[in-house]
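The values are calculated or read from the model by the stated rules, or taken from the named source; none is laboratory data. Because the structure is predicted, anything quoted here is derived from the model rather than measured. All Cβ positions, glycine included, derive from the backbone under ideal geometry; neighbour counts span all protein chains shown. Surface accessibility is based on the protein's heavy atoms, side chains included, excluding ligands, DNA and RNA. Shrake-Rupley method; radii C 1.70, N 1.55, O 1.52, S 1.80 Å.
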Amino acid sequence: MSRQEIYSPEGLRVDGRRWNEIRRLSCKINTHPISCDGSSYLQIGNTKVMTMVHGPIEPKNKSSLLQDRAYLTVNLNIPSFSFFNATTNKKLSKNSKKILELQVSLVNIFQDLIILKNYPRTQIIINTIVLNQDGSLISSIINSISLALIDSGISMYDYISSVNCGLFNSKFPILDLNYLEELDLPFLTIAIIGKSENVSFLLLENNLPLDALEKILAISISGSHRIKDLMDNQVKKSSKLRIKSINEQSIN
Amino acid sequence: MILSPAERSYLRDSLSLETPIRPDSRLVGQFRPIEAVCNFLPNFNGSSRVRLSDGNECITSVKSSVVIISSSSRDDSVNLIDFLFNIPGYRDDSNLVSNLTLTFNKIFNNNFDYSSLKLKNFKNHFFKLSIDILFISNSSDINDNYVPLTLISFSSYLALRSTRLPLLINDLEKDEEDLNIDKIKTQKEVELPMFSDDWSDSTYLFPTSPSSSTANANQRTPPLIFILAVIDDNLFVDPTIEEQYVSDNGLIVPWCSGNIINPIESTKLSRDPNSDSTSSSTVGLNYNHLTKGISLVKEVAAKVASALDNVVNTSDENEFLNSIF
């Protein structure tokens, strides 16, 4: 795809969005009430991620027991069918370097976010399954884990919300890239804590001109805040529903 | 899960009665409720997700690709359906995964009508279906013996049922000119298949007749696999994990388009974690078990199939929501 089509002179992108618009985000918490302690499903555009949190539970083996805080494990499961142009059964190895690296970064992000000292001698297991990929994979995973942790009731300092942002023609920042745009543009993924401007994670795998960084950061931060609001709305909505159903039960 | 001796004998006794009582008060041929959706993955020809009330769930996707099989090499070694299992916590070369892959590949490839996968007017071009199955279990209960085969089979049935194949466009005009058959044939050898871009033109791999009733036994369906637990003289469909632990033996009965198909296999469901493997109490099957099992499956399978077909038919309407929740 040529660069012209990525961002038209009229300021429209491949899927008809403007430069600062995110795709339709829908999320749900408590999707797996039986199988785990906290769960979430997040869908942004065609990217679909499902997260299940188990814990705090007693560690399965002694090596994952810490005396002063909880031990955090993140399992990332990206099945072959999730890929954008999956044609045949080509399996991404579970131990591929990319996934291992991503798991380590996710543990690092959430280690600082969860108040681990409240849960000494326990383990918190986060299982994430990617159902469909269409760009902004890492940020969707972070958002989904954040929601699942909130659902599980594990104490956290604040939401963490993430978004990615690319740069077109070394000039125009473009928010929330889809798969086609990710192929062509240099982009970074950023994760912001709450409504602050504290960056807890930043991933840049391509080259970006340094003078564009400030612009990109500014738009990413406001994008993250927008996503945080959307997630917060959903959490409040489902909490209200749950309180309502509990009240109804107690009346009956 | 470990059952105490008292629990074991209570369960066993109530299940081996002449009119057996199952712990969840189900009938012998009754299934647990499932929650099912299909066609929610936009990048695939067909997809489905089936969830059981105990939290186990199975997500299946079907992707088609065109392969060329020269007529000389077309024999049993060519499989047009390829299963790939993905069970978190299990390696790809583990017993569980390889057993499942083998069972499904065998049953589906033996009983699949390959002519429906053949590209019309092409000699050696076929659709190859890659079926990916992701099984998510909430507990550590699954092991080599306890496999929720029924759930996986439901899910793959639904996924195949919802599978749509794109419309071939380069043979449309040539259908009319049947005169120079030889000439067309030679053209077709070199020609590449072209498909319509419009997804609404696509056709179902398993076309549903408008009056899809259980009586219509001639309708082609994907295979369904039923697992039966054998306890004394009784057989049970869709056994829970507790029922499997007290069972004598297990029976895998595949079914397709109204008929029982081969291979019917026996499998050991009860690996009691308390006892070691040497003191295993597996009892063999007798003739009665087989006939009983086959008639039981025949009785329930058509109902199951029509219930699953309903899921496919209803989820077409909200296809564009594309969400599983």
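Residue by residue along A:73-83, Cβ atoms of other protein chains within 10 Å of the local Cβ number 4 on average.
The magnitude of the dipole of chain A, with charges of +1 and -1 set on the Cβ of Lys/Arg and Asp/Glu and taken from the Cα centre, is near 640 debye. Accessible surface buried at the A:B interface totals approximately 2500 Å², computed with a 1.4 Å probe on protein heavy atoms. Placing R0 at 25 angstrom, the Cβ-Cβ distance between B:N259 and B:Y204 gives a FRET efficiency of 0.70 after rounding to 0.05. Using a probe of 1.4 Å on the protein chains alone, the accessible area found for A:W19 is around 100 Å². With viscosity 1.567 mPa s and temperature 4 °C, the Kirkwood radius over alpha carbon pairs of chain A converts through Stokes-Einstein to a diffusion coefficient of 68 µm²/s. Taking only Cα atoms and a 10 Å spring cutoff, compute GNM fluctuations for chain A and point out the largest among A:C27, A:C165, A:C36. Top of the fluctuation ranking is A:C36. Summed over the residues of the range A:25-242 and divided among them, the accessible surface reaches 42 Å² per residue at a probe radius of 1.4 Å. Summing +1 for each Lys or Arg and -1 for each Asp or Glu among the other residues whose beta-carbon sits under 15 angstrom from that of B:D24 gives -2. Summary of the geometry: the range A:138-202 and the range B:19-69, compared by the centres of their Cα atoms, lie 33 Å apart. Residues A:D151, B:D24, B:D92 ordered from highest to lowest accessible area at a 1.4 Å probe: B:D92, B:D24, A:D151. Here the ratio of the Cα radius of gyration of the range B:1-97 to 2.2 N^0.38 Å is 1.67. With Cα atoms defining each centre, the range A:1-80 and the range B:114-130 are spaced 38 Å apart in the structure. In this structure, the pairs whose alpha-carbon distance is over 25 Å, taken from A:K28/A:K98; A:K195/A:K215; A:K28/A:K195; B:K63/B:K120; A:K48/A:K228; A:K28/A:K244, are A:K28/A:K98. Computed over protein heavy atoms with a 1.4 Å probe, the carbon and sulfur contribution to the accessible area of the range A:25-242 reaches 52%.
In the range B:119-138, comparing the full protein assembly with the chain on its own, the residues that lose 40 Å² or more of accessible surface at a 1.4 Å probe are B:D132, B:L134, B:I136, B:N138.
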